[in-house]
Amino acid sequence: MLRLAVLVSGGGTNLEAILQAIEKKTVTNAEVCLVISNNAGAYALERAKKHGIRGICISPRQYASRDEFHQALLKELTDCGAELVVLAGFLVGIPPMIVEHFANRIINIHPSLIPSFCGKGFYGLRVHEAAIERGVRVSGATVHFVDTGTDTGPIILQKAVEVLETDTPKLLQQRVMEQAEWIILPRAIHLIANNRVRVEDGRVCIDDRG
Ligand code: GAR
């Protein structure tokens, strides 16, 4: 059983998708051992509780320095025995110290087709605002391994979603979640948990037999 720690900041719909996929067994060989939010009011923590999963808040505001916050985060991740860290809408940067500790064992869901609309400043609704502003006809979501850059790690899965002329950022965000994020994030976890993902020369190879 691959032990997952899921890091969240907000609503937690991706966390919900993971937990439901594990319950329905479309994700196998994985269990969520801990949910960490940087925000005590995040609805994601309620979702964890409803599924009987331990959820805690670790906020930079509780610590005198960023370094102490990072040490506390690393301690919780190692104490719970996490083998894969899943960033499911976690809007706080992961420091190199944690990335190196969990090399190719941290994944992130990003709400665009990387390398479009990603990097510093592109998160949440802002990504969809930028996509609509640019007039793209197709957007989507990406699951990738986390390296020390922002949204630069090896890409695991992507799924395209149509952009409609009538879209607002919120409508597009909802469609990208429903048609891409909630599908590819659990799928990536399933593939990793079943040893079907390898990273070679900075690129991902997937043994995708269904
Ligand atoms: C999701 O759309 C996720 O892709 C995005 O935050 C949202 C969290 O929603 N993440 C980023 O923008 C990271 N750069 P959720 O809390 O309902 O899962």
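Coordinate-derived values only; no laboratory data. Please read all numbers here as calculations on a predicted model, not as lab measurements. Reconstructed Cβ throughout: ideal geometry from the backbone, glycine too, with neighbour counts over all protein chains shown.
Assorted remarks:
- If both residues of a DSSP beta bridge must be in the chain, then about 45% of such bridges are antiparallel.
- Residue-count net charge about Asp147 - beta-carbon cut-off 14 Å; Lys, Arg +1, Asp, Glu -1: -1
- Global form of the stretch 139-210, assessed from the alpha-carbon gyration tensor, a/c cut-off 1.5: prolate
- Between the stretch 123-195 and the stretch 97-121, the Cα center-to-center distance that results, in Å: 12
- Segment Asn194-Glu133, extension gain: residue separation times 0.36 nm, minus the distance between their alpha carbons: 18.0 nm
- Here the calculated FRET efficiency for Arg66 and Asp201, from their Cβ-Cβ distance with R0 = 35 Å, stands at 0.60, rounded to the nearest 0.05.
- When the convex hull of its Cα atoms is viewed from all sides, the stretch 30-125 shows a mean projected area of 7.0 nm².
- Label-to-label distance, nm, for residues given as Glu23 and Asp79 (7 Å Cα→Cβ offset): 2.8
- Reach of Lys159 by Cα under 27 Å, taken over lysines that are not fewer than 8 positions away in the same chain: Lys24, Lys25, Lys120, Lys170
- Formal net charge of residues neighbouring Glu83 (Cβ-Cβ distance under 9 Å; K, R +1; D, E -1): +2
- When you restrict to C-alpha pairs under 8 Å that are six or more residues apart and normalise by the size of the chain, the relative contact order lands at 20 percent.
- Membrane-span-like helices in the chain (whole DSSP H runs, Cα extent of at least 24 Å along the helix axis, mean Kyte-Doolittle hydropathy of at least 1.0): none found.
- Gain on full stretching of the segment that runs from Thr148 to Glu100 - 0.36 nm per residue minus C-alpha separation: 16.5 nm
- Overall form of the stretch 57-210 per C-alpha gyration tensor (a/c, 1.5; a/b vs b/c): oblate
- Of the GluC sites (Glu not before Pro) found in the stretch 147-181, those in coil by DSSP whose Cβ has at most 12 other Cβ atoms within 10 Å are Glu165.
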